[in-house]
Structures are given as C-alpha cells and as structure tokens.
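Down below is the structure, laid out as structure tokens.
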Amino acid sequence: MSEDTALDDVEVEEAPEDEIVVLAQKWKKKRGSLIMALHELQGRLGYVPRESAMKLGREMGIPLANIYEVLTFYNYFKLESPGKYIISVCTGTACHIKGSPKLLHGIENELGIKEGESTPDGEYHLQGVRCLGCCGLAPLASVNGKVYGKQDVTDAHGLLENVKRDEPMHVAAESNDAE
Amino acid sequence: MKPEELEVKAAAELAKQQAMDVRLVCCSSTGCQSSGAADIVARIKADITERGLAGKVQVGGTGCMGLCSKGPLVRMTCKGHEDVLFSEMTPDLASRLVEEVVAPVANGEEIHDPVGPLGAHVVDLHAAFFAMQERVVLSNNGHADPEKLADYLVHGGYQGLRKALTMSAEEICQEVLASGLRGRGGAGYPTGLKWDFAHRMQSDVKYVICNGDEGDPGAFMDRSVLEGDPHAVLEGMMIAARAMNATNGVFYIRAEYPLAVDRIEKAIRQARQAGLVGRNILNSGWSFDFDVRLGAGAFVCGEETALIASVEGKLGTPRPRPPFPSVKGLWDKPSCVNNVETLANVPRILLNGAEWFAAKGTEKSKGTKVFALTGKIAHNGLVEVPMGITIREIVETIGGGTGTDRKVKGVQTGGPSGGMIPESQFDTPISYEHLQQLGSMMGSGGLIVIDDHDSVVELARFYLDFCVDESCGKCAPCRIGGTQMLHLLDKIVAGDGTEEDIANIRMIAQAMQKGSLCALGQTAPTPVLSALKHFPSEFTERLKQPAAAEA
Ligand SMILES: Cc1cc2nc3c(=O)[nH]c(=O)nc-3n(C[C@H](O)[C@H](O)[C@H](O)COP(=O)(O)O)c2cc1C
Ligand code: SF4
Ligand code: FES
Ligand code: FES
C-alpha cells in the first residue's frame, strides 16, 4: 500500500511530534511494550497513521517492519482513519443467534457499503466485531463505544436514526470518580 | 498498613453503612452502563442532595447482578424491610422512588410498602433465578461497590491474603489442592498442582499472570468478575504469588473491555495506596506489584503460550509445550497463567478453608461455576451455580426456558471449542467429566441455548468459521484442515453436500485433533462432531439427495 492512497480524501490527523516522543519515552522503559504504545497512539488518533508508526519506531528503536507485523497480526489496530462514526455490529454467538447478520445486512443496505468499509464522505465506518461482552443485551451494536442493546434486527434504519440523534463521541472507558 | 488495620477500616465502613436509613446500589457493569445506569445514579444523587438527605441515604455502584437483559438494576436496602431489586429503571422512576419511598423512610416516616409506585419493576429475589444460584465468585456483586476498597474489606477482603502471609508456600499449594479447585479457563487443571510446579522451580524472578482475554464470543463471566470485584482478582493473584514465590503479577485483559481495565487499574492504585500492594505488604516484609497489558483482538492470545508472547510485545502465536510456562514462561522465567474466575475463588478458599469449598460440587468438580446464559432463553444473563446442578435446572428452572412458544433444542457449552448438548441429555450434572462424556466441555462458561428453529448445522458452521478466522496459521492441520472443513460445511449448508462430504469432515477432524499445535486447532472440530453425533438427521436432511437408507 502506498503511503497516502488510502487516506486520500480523509483529513490526515497526526499526533504532534513531541506527543509521540513522550509516548515513546514512557513505554521504552518497559520491556515488550510496543503493543501498549500502539494502543495509546490509536487511543488518541483513532487509528495508527503510517507517519506516526514510523516516528514511534524511530523513537523506540523498533524497525518499522516489526511494527507493521504487530499492527497487521492484531485485529484491534486500524491503519486507516475509520471515519466519524464507527459502527460495530456484534457478530458474537449470542448476537448471532438473535439475528445479528440481518442487522448487519440492513445497515450495509442503508449505508450502501459493505462490512469493513467506510462511506465515501467519511461519516460512517461499518465493522463486524466478535463480542462486546454485553451478551445479555443481544443483539447489539456499538457506535464509538456507546452500546445500542436489544436491537430490532429488521430496523437498521431506526438504529442509524438513533445514532444521528445521539451523535456519540469517541470515548475510551467510562470512569466514575469515586476512589 | 498493619494487618489489624484491615478490620478497623472494615468496621468503620460497616458502621457507616449501617447508620444509613437507605442504601441504593445501581449496577455499574457494562451491560447496565449501556442501558443508562450512570444517568440513574446521577439523578438519585441529585435528588438526595436536594432534599438534604446525603447523610442518611447512601448511593453507589455494584457489580453485575446477573439479569443484564432487564437492566439497569437498582437494589435497595431499607431499614426495617427486606431488600428490593428493581429492574428496567429510568431516571424518572428513580426520582419517584426517592420521593415516595426513600425520602419518607429517611425522614422517619412509617411506610408499609417499600416498593411504592414501582411494583411492576420489582424482581422477586426469592424466585428460582436467584434461589437456585450459589454465589462464591459473584458474592460481592449486588452488595459491594467495585470502586471502593473499603467496601471490599467489609466483605472479608484481603483476609485471605493476610492468612496466606502466615503460611508457607507449600501450605498454600496444599490448601488449594485440598479444596479441589480446578482451572476455570477451560482445561480444568488442578490449580494447586500448577502452582506447586512453579513453586519447585528455582528462579529469582517468577511471574503470575491473569488471563483476562475471554475470547469466547457470547461469554462475559470474566468481564463481570473483573468489573464487579477487581480486588478479589488482585488478592487471588497475590495469594498465587505467595504459593509459588512469584515476584511480579501481570494482568492481560482484552482491549475490548475498557471498563474492566479501568477497574483493575483503579484497584491496583487503591491497594498500593493502602499498603496492600507494593513494598512491605501488610508489614510482612514481602513486596509485590502489578503490570497491566492489553490484548488486541486475537482469540488465540487466550492460549497461555500465545498470551505470554503477546505480553512480550510479539505476535501472539502459540509454541509447543513442553516446556510449560511453569518452567519457561514470560521472559523465559517460571510463570503461571490463571483464569480470572479461578483467581477470584482463591481468597474465599483461603478465608473459609479448603473443606468449605470442597463441600460444594461433585466428587471431581468442586465449587461453583459462573455461566453466561444467552441465546433463546427467558432470563438472559449471568448465573453462578454449584457444580453438579443439572443442565435442565440451569436452562429451565433458572433460565426460565425459551420464554417463547418454541421448544429448547439444546445448548452449546465451551464456545468454539465445545459441543452441542441435546435437550434429551439435560439431566446430566454439570462437571468437567460429564460434559466431556457428552462430547462437549466445560470451557470458560458460555452457555448458549438454541430452540427448534435454529439449525445446528449452521451453528456448527458459525463456530468453525470463527476458528478458521482466528487460526494463527502457524501449523498446517489447523490452517488447511479448517479451511477445507469449512468449505465442506458450506456445501452442506447450501444443500449441495453428499455423504462423502460428511465422511471427509470426520477424516479432517481427526487430522486436526491429532496434528494441531494448540487447542484452538485441536478442538475446532468439536462443535461439528458433536452436532453430527447428537443431531445426525439435521445433516442428512440437508444433503443433495436424501440418503437412501437411514444408518
Ligand atoms: C485458543 C484458546 C483460547 C483460550 N482463551 C482463554 C481465555 O480467554 N481465558 C482463559 O482463562 N483461558 C483461555 N484459554 C486457556 C488457557 O490456555 C489456559 O489454560 C488458562 O488460562 C489457564 O488458567 P486456569 O488453569 O485458571 O484455567 C484458551 C486456550 C486456547 C487454546
Ligand atoms: S492450532 Fe491453529 S491456532 Fe494453534 S498454533 Fe496451529 S495454526 Fe495456530
Ligand atoms: S455475543 Fe454480542 S455482545 Fe457478546
Ligand atoms: S450488567 Fe447490570 S446486571 Fe449484568
């Protein structure tokens, strides 16, 4: 893949250089922490841009080939900007039994894209995921981490309407303040 | 902190709780969080503050109470009344509860009906769903706040560790061995034996690793324990460390479980601050600390040697055993990988004694098991039952059957490595041995119910597709065999299969079972084989030409 083709019409976001330096310094001290550094990078940018991966490699003293080996082995890492709303339809067993393939197809039809693709305007990215661990609420989808449980699998349109209404922001773990 | 201070802190917190007129705890695990639990807690807190009742009413979070599909759940402890559990709460309902029940009680008024206006939302705590369960691992869920160390102490927290600090490593191994505890991660190996092997290894550095990868799709037991009782897992790991003289602990948790990661990190911080983790733990002179590592979406990383490679920052591919991790594990040092639920059992065993634990369950399968009950079942959720209970009791009595007019066809246990069990075998007791005899396995605790409209052929195909997708590709029997078998199953699902295809599936299955490097490949044929064993006609009916003669 050439450097930019995949990112042509998506704004290239990049962590400021010193941010990557700080991140690399932090993890360099710990053995075997490349995966953790990549998690942190993706947590900030939503994906791992090639430029940032190169910089991280230089700072941590890890060859780019090794970094890409790890990035491509582990499904969790994204190499391209996934768009504004990442729609993850759970395809785990509990959701499957409750008809999640139908929901996935419905969303594919609504958005005019296939699983694994993004809409041309960069608004939506659709992916099937294994199990979100909320199987009690099957069938479900999550958008930028917000879970939409107990879905009507025949009503993909309704789900997308709810997403538009909620405009879920991409957030990491919710955390309560009480220590 | 000195050991005695544990009691002092626990007593102080207990006194505080008992001084309250009302205690409201809302499930703060992922299921209920996604149904809006945070809004409910915020509303109750605001209402309580507005009425100036903060000193009389305690509001907090708690771990998964099991009825996730009916969330968000709120449990109310009201002075002078039995506990009440409310389901499908909303902020407005919570406000009404405060207005009509909580506030009057806190203001000293007599009330006769603590359920008030929420009758339709009350869940009967005496119903079979709860009455038939036995909670060891989940005992704090519904009671303690996972984000508060003091709450854990109230429920006997860190007393198991305290006891372990007075015992020798051999004594701890012996105690856990005598309890009969076996690994809850799937294989069911006796935990005490595993620790003893690691203990015998001479090394200045040893690791104890918590396997929180929970890759089985449709299962969320470990997630609920990590989120609902993180300190219990920490304590279990420290006791394991004492049993094998380990120097460091590592948590390996799925990245898809951000709340679990958050809770564990918070628990470590709290315990370190209290002198329960770090240097000179409980004044014993012993030091121990934790590291947290995240998985990154690879099912095979739940296999212990792949997990270790992943912790080292490498590709998560399994390697041949021996050498076992207890000899050569993380960074080539002796290591023990234990499942979350296994570890959460340990503090309770130390605290209550091996005999207490061994009194539960069957001859060879002791204690309890947590199951994620999903699929076509009325009471979808998380249950903890004593080993030896029958599948029928779980599915029909606790789970309430399908909840529709359809009939239960069977269950799948053990996820992609397990098998299907037909309804006719439901009187079998749950134990490692019995499930294996039925051609399935205990696995980590997923229990998926299918009804008479579900096709076992398609379900078998679903699981195989999962395994093929997740195969790391390192060895040929799994990589090639899996793909070939999937192709044959596809043919059968499409209605183009023949008897010969079924024979070939059996042949490939044997090759995979014998030749695969790790259990992923070895067990990938299990769902298909068990479906063939228990539901042969579902396959033959789908073949191209109806079989001339029934076998
Ligand atoms: C493909 C594969 C996936 C596994 N996934 C998990 C898992 O998610 N959690 C787990 O505890 N054990 C898993 N195991 C089992 C582990 O290898 C290991 O046996 C277990 O963590 C040991 O802990 P225990 O003795 O407490 O059960 C998996 C095994 C295989 C082959
Ligand atoms: S059996 Fe499959 S998953 Fe296991 S090592 Fe071989 S190819 Fe990888
Ligand atoms: S199977 Fe969908 S959340 Fe677990
Ligand atoms: S997540 Fe709240 S009851 Fe299970």
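The values are calculated or read from the model by the stated rules, or taken from the named source; none is laboratory data. A quick note: this is a predicted structure, and the numbers were derived from the prediction, not measured. FYI the Cβ positions are ideal-geometry reconstructions off the backbone, even for glycines, and counts take in every protein chain you see.
Here are some notes:
- B:M20 vs. criteria farther than 21 Å from B:N141 by Cα, more than 13 Å from every other protein chain (Cβ to nearest Cβ) and crowded, with 16+ Cβ neighbours inside 10 Å: no
- Some residue of segment B:74-81 being in contact with a Cys (Cβ under 7 Å, 6 or more places away or on another chain), surrounded by 23 or more Cβ atoms within 10 Å (Cβ to Cβ) and within 14 Å of chain A (Cβ to nearest Cβ): no
- Residue in segment B:360-378 that is surrounded by fewer than 21 Cβ atoms within 10 Å (Cβ to Cβ), within 16 Å of ligand 4 (Cβ to nearest atom) and not assigned by TED's automatic domain parsing to the domain that holds B:C27 present: yes
- Among the residues of segment B:26-37, none qualifies, meaning not one is away from ligand 2 (no atom under 16 Å from the Cβ), away from chain A (no Cβ under 14 Å) and assigned to a helix (DSSP H, G or I).
- Pick from segment B:361-402, criterion within 16 Å of ligand 1 (Cβ to nearest atom) and among the β-branched types (V, I, T), ranking: farthest from the other protein chains (Cβ to nearest Cβ): B:T368
- Taken together, the criteria exclude B:L459 from residues that are buried (at least 22 other Cβ atoms within 10 Å of the Cβ), in contact with a strand residue (DSSP E or B) (Cβ under 7 Å, 6 or more places away or on another chain) and free of Cβ contacts under 8 Å to residues at least 24 places away in the same chain.
- Failed item in (1) within 16 Å of ligand 3 (Cβ to nearest atom); (2) outside any loop (DSSP other than H, G, I, E, B), with B:G66 passing the rest: (2)
- B:S287 falls short on exactly one of the conditions (1) more than 16 Å from ligand 2 (Cβ to nearest atom); (2) closer than 25 Å to A:I35 by Cα; (3) hydroxyl-bearing (S, T, Y), and that condition is (2).
- Candidates B:D229, B:D213: the one that is within 16 Å of ligand 2 (Cβ to nearest atom), in contact (Cβ under 8 Å) with a residue 12 or more places away in the chain and closer than 30 Å to B:K148 by Cβ is B:D213.
- Taking segment A:31-61 as the range and being within 9 Å of another protein chain (Cβ to nearest Cβ) and over 17 Å from B:G295 (Cβ atoms) as the test, only A:R31 passes.
- Selection count where residues are touching a residue at least 12 places away in the same chain (Cβ under 8 Å) and either away from every other protein chain (no Cβ under 14 Å) or crowded, with 17+ Cβ neighbours inside 10 Å (or both), scope segment B:261-286: 18
The rows are residues; the columns are (1) surrounded by fewer than 22 Cβ atoms within 10 Å (Cβ to Cβ); (2) touching a residue at least 12 places away in the same chain (Cβ under 8 Å); (3) more than 14 Å from chain B (Cβ to nearest Cβ).
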{"residue": "A:K84", "(1), (2), (3)": "yes, yes, yes"}
{"residue": "A:L104", "(1), (2), (3)": "no, yes, no"}
{"residue": "A:E108", "(1), (2), (3)": "yes, yes, yes"}
{"residue": "A:H125", "(1), (2), (3)": "no, yes, yes"}
{"residue": "A:C134", "(1), (2), (3)": "no, yes, no"}
{"residue": "A:R165", "(1), (2), (3)": "yes, no, yes"}
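- Some residue of segment B:312-322 being crowded, with 24+ Cβ neighbours inside 10 Å, within 12 Å of chain A (Cβ to nearest Cβ) and in contact with a His (Cβ under 6 Å, 6 or more places away or on another chain): no
- Number of positions in segment B:470-490 that are hydroxyl-bearing (S, T, Y) and more than 16 Å from ligand 1 (Cβ to nearest atom): 1
- Tally, over segment A:26-66, of residues that are closer than 18 Å to B:A255 by Cβ, in a loop (DSSP other than H, G, I, E, B) and either of a type outside the set (A, V, I, L, M) or touching a His at 6+ places or on another chain (Cβ under 7 Å) (or both): 5
- Residue check, A:L160 touching a helix residue (DSSP H, G or I) at 6+ places or on another chain (Cβ under 6 Å) and not charged (D, E, K, R): yes
- Residues in segment B:210-249 that are within 14 Å of chain A (Cβ to nearest Cβ), out of contact with any Ser or Thr (no Cβ under 9 Å at 6 or more places or on another chain), crowded, with 24+ Cβ neighbours inside 10 Å and under 21 Å from B:Q273 (Cβ atoms): B:L226, B:P230, B:H231.
- With respect to the stated conditions, B:N338 is of a type in the set (S, T, N, Q) and assigned to a strand (DSSP E or B).
- Sole residue being in the same structural domain as A:S33 (by TED's automatic domain parsing), closer than 17 Å to B:G313 by Cα and buried (at least 19 other Cβ atoms within 10 Å of the Cβ), chosen from A:L64, A:L56: A:L56
- If the condition is being surrounded by fewer than 24 Cβ atoms within 10 Å (Cβ to Cβ), among the hydroxyl-bearing types (S, T, Y) and within 16 Å of B:S365 (Cα to Cα), then segment B:414-453 contributes B:T428, B:S431, B:Y432.
Conditions tested, residue by residue: (1) of a type in the set (S, T, Y); (2) under 30 Å from B:T317 (Cα atoms); (3) out of contact with any Cys (no Cβ under 8 Å at 6 or more places or on another chain).
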residue	(1), (2), (3)
A:K84	no, no, yes
A:A94	no, yes, no
A:K102	no, no, yes
A:E123	no, no, yes
A:G133	no, yes, yes
A:L137	no, no, no
A:K146	no, no, yes
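- Segment B:287-309 - residue that is in contact with a strand residue (DSSP E or B) (Cβ under 7 Å, 6 or more places away or on another chain) and in a helix (DSSP H, G or I) and, of those, nearest to the other protein chains (Cβ to nearest Cβ): B:I308
- Residues being under 20 Å from A:G122 (Cβ atoms) and touching a strand residue (DSSP E or B) at 6+ places or on another chain (Cβ under 6 Å) - total across segment A:84-105: 5
- Criterion violated by B:A255 - all others in (1) surrounded by fewer than 22 Cβ atoms within 10 Å (Cβ to Cβ); (2) in contact with a strand residue (DSSP E or B) (Cβ under 7 Å, 6 or more places away or on another chain); (3) in a helix (DSSP H, G or I); (4) touching a residue at least 40 places away in the same chain (Cβ under 8 Å) satisfied: (3)
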